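To start, the structure under review is shown below, and the notes come after it.
The values are calculated or read from the model by the stated rules, or taken from the named source; none is laboratory data. None of the values given here were measured: they were computed from a predicted structure. Cβ placement follows ideal geometry from the backbone for every residue including glycine, while neighbour counts extend to all protein chains displayed. Accessible surface areas use protein heavy atoms only, side chains included; no ligands, DNA or RNA. Shrake-Rupley method; radii C 1.70, N 1.55, O 1.52, S 1.80 Å.
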Amino acid sequence: QERYDRIMAACARISAAKLEVKVGKVLPVIIDEVGEPDEDGDIGATARSQADAPEIDGNVYLREVPEGLQPGQIVNALIEDADEHDLFGVIG
């Protein structure tokens, strides 16, 4: 178990470093799901880059997307942040 934990921690560090390189860049993403407006009226969406497989690779979480955005649309996303598995940004 300890060896497995070390391997998984190393994988997470590598993934985070690879995603961190994308922060500040604009990437084309395909919209998978659009959420409902929150209490402030902001709408979020879940997307993925063209190289990512749904339900396997990480997601791109977008905030403040325009009303009327539909699953399947391809938009440019400005990547603002990253963690070990996912990217976060806005349409830009």
Any idea which residue in segment 64-92 is surrounded by the most Cβ atoms within 10 Å (Cβ to Cβ), counting only those that are β-branched (V, I, T) and part of a strand (DSSP E or B)? I79
Output for Cβ contacts, cut-off 9 Å, separation at least six or different chains, first residue in contact (Cβ under 8 Å) with a residue 24 or more places away in the chain and within 17 Å of L87 (Cα to Cα) in segment 6-21, second of a type in the set (A, V, I, L, M, F, W, C) and surrounded by 11 or more Cβ atoms within 10 Å (Cβ to Cβ), reads A16/A82; L19/I79; L19/A82; L19/L87; E20/A82
Taking segment 1-34 only, how many residues are closer than 25 Å to E67 by Cα and surrounded by 15 or more Cβ atoms within 10 Å (Cβ to Cβ)? 6
Within segment 38-58, restricting attention to residues that are of a type outside the set (A, V, I, L, M, F, W, C), touching an Asp or Glu at 6+ places or on another chain (Cβ under 7 Å) and at pLDDT 95 or above, which residue is most open to solvent (accessible area, probe 1.4 Å)? R48
Would a scan of segment 51-70 turn up a residue that is under 30 Å from R13 (Cβ atoms), touching a Phe, Trp or Tyr at 6+ places or on another chain (Cβ under 6 Å) and in contact (Cβ under 8 Å) with a residue 40 or more places away in the chain? no
